[in-house]
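This is the structure I have questions about; it appears just below.
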Amino acid sequence: MRSDEFRLALERYLHAHVKGLAGPLHVAPVGGAGQSNPTYFVDIDDRRFVLRRQPDGDLLPSAHAIDREYRVMTALMHSDLPVPKTVLYCASSDIVGTPFYLMERLDGRIFGDAALPDIVPSERRDIYLEMARVMAVLHRVIPSTFGLDDYGKTGNYFQRQVARWRHQWLNSKTHENLELDTLIAWLSDNVPDDDARALVHGDFKLNNLMFHPIEPRVIAVLDWELSTLGNPLADLAFNCAAWRAMPDEFGGIRGLDLAGLGIPTELEFVDHYRDSGGDPSGLSPFHFAFSFMRWSVIFEGIAARARHGNAVNSRAQTVGALATPMALRGLEALQ
């Protein structure tokens, strides 16, 4: 769909479905390192929105679940967890080519570099500790209180997840990745007992948080497409992967002078998560290996979309090449 067709179709739809809108619409794609769902700034009259839609082309089963993003954020607007205010969801592909949803646009900071190069050391520490605190708030949410008691399946979360990501890998596979195959095989044979049913984000990391313009305070948790009910240790280990990956491995902080930068150690971060009400007990090499397996499959999916010509970001091919290094980090976690 051409950009002018996109804009006009969306303008007609919003005039009809959002009360009070009547003026011309301005739309601009949001750039950045994200590789998932195309995102746009949408301005009309004196209102500012963000639109998220699915990518074009054939998609992996259960991937790019923007309907789940919309549902969980709508539910959590009434919780202690900061999320953007949702406006509407459109399941039809007739308007902009795929289903989409609209949410209010917030003013804040999103940090794409985990080293926070433009931030003073004292604020770096506060930003990381705030990330730990907000993750603990998320994991204290009682799903049934917000109508989310059916938001995930019952049973062993990690068993389901390992099977799901193995399936994703097989569906996106365009070449061999022995390291990833080895990692998935080990995880499949070593799934711990698990009956946790907390709300988990699935992609909880620094650049999916929006901070206040001048304060080290989270004002929105973003990008909920992988959220479900499961074990919060999955979020915690995934978040801690930054301490275990190098800066050229999708922005890790391993090897940096953390003390000089003011960034807490992984242990300090986990301790603050505990002090904020989270429960890190039981965190083990399995959880870190699982996190890196997910990263590897995600990067393989990005690489596959780049080869098929429907990647969201122009850096997709370069980012996709990180699949093997991520699998190696997962195997390293088992040692």
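None of the figures in this text is laboratory data; all of them are computed from the coordinates on show. Only a predicted model underlies this, so the values are computations on that prediction, with no experimental measurement involved. No Cβ is skipped: glycine too gets one built from the backbone with ideal geometry, and neighbour counts run over all protein chains shown.
Only counting other Cβ atoms within 10 Å, I'd like 123, 5, 215 sorted with the fewest neighbours first. Spell out each step's value before the answer.
Details: 123 17, 5 11, 215 14.
Result, fewest neighbours first: 5, 215, 123.
What percentages make up the Cα-Cα pair-distance distribution of the stretch 64-201 when the bins are 10 Å wide from 0?
P(r) over the stretch 64-201, rounded to whole percents: 9, 24, 31, 30, 6.
Points 7 angstrom from Cα along the Cβ direction at residue 120 and residue 215: gap in nanometres?
The two pseudo-label positions are separated by 1.8 nm.
So how compact is the stretch 129-225: Cα radius of gyration and Dmax in angstrom?
Cα only, the stretch 129-225: 16.8, 47 Å (Rg, Dmax).
What spacing in nm lies between the two simple spin-label points modelled at residue 271 and residue 110, each 7 Å away from Cα in the Cβ direction?
The answer from the label model is 3.3 nm.
Provide 144, 291 in ascending order of the number of other Cβ atoms located within 10 Å of each residue's Cβ, fewest first. Don't jump to the answer; show the numbers that get you there.
Numbers: 144 11, 291 24.
Sorted ascending by nearby Cβ count, the order is 144, 291.
Mean projection of the alpha-carbon convex hull of the chain over all orientations, in nm²?
Details: hull surface 67.0 nm².
Mean orientational projected area (the chain, Cα hull): 16.7 nm².
In a Debye calculation with equal point scatterers on the alpha-carbon sites of the stretch 179-252 and no solvent, what is log10 I(q)/I(0) at q = 0.20, 0.27 Å⁻¹?
-1.09, -1.24
With the contact rule set at Cα under 8 Å and sequence spacing of 6 or more, what percent relative contact order holds for the chain?
Details: 581 pairs, mean separation 64.7, N = 335.
Dividing the mean separation by the residue count of the chain yields 19 percent.
What number do you get for the stretch 46-125 when its Cα radius of gyration is normalised by 2.2 N^0.38 Å, N = residues? Before the final figure, lay out the partial values.
On the way: Rg = 16.2 Å, N = 80, 2.2 N^0.38 = 11.6 Å.
The reported ratio for this selection is 1.39.
Just the projected area, averaged over all directions, of the convex hull on the alpha carbon atoms of the stretch 196-315: how many nm²?
Details: hull surface 36.1 nm².
Its average projected convex-hull area is 9.0 nm².
Starting at 0 and stepping by 5 Å, how many percent of the alpha carbon pairs of the stretch 3-104 end up in each bin?
2, 12, 23, 25, 21, 12, 4, 1
Arrange the following residues from fewest to most other Cβ atoms within 10 Å of their Cβ: 210, 103.
Ascending Cβ contact count within 10 Å gives the list 210, 103.
Return the calculated 222 nm mean residue ellipticity for the chain, to the nearest 500 deg cm²/dmol, obtained by summing -39500 (n - 2.57) across DSSP H runs with n ≥ 4 and dividing by the residue count.
Numbers: 11 runs with 137 residues, N = 335.
The per-residue figure over the chain is -13000 deg cm²/dmol.
How many angstrom lie between the Cα centre of the stretch 81-132 and the Cα centre of the stretch 152-201?
Cα centroid of the stretch 81-132 versus Cα centroid of the stretch 152-201: 27 Å apart.
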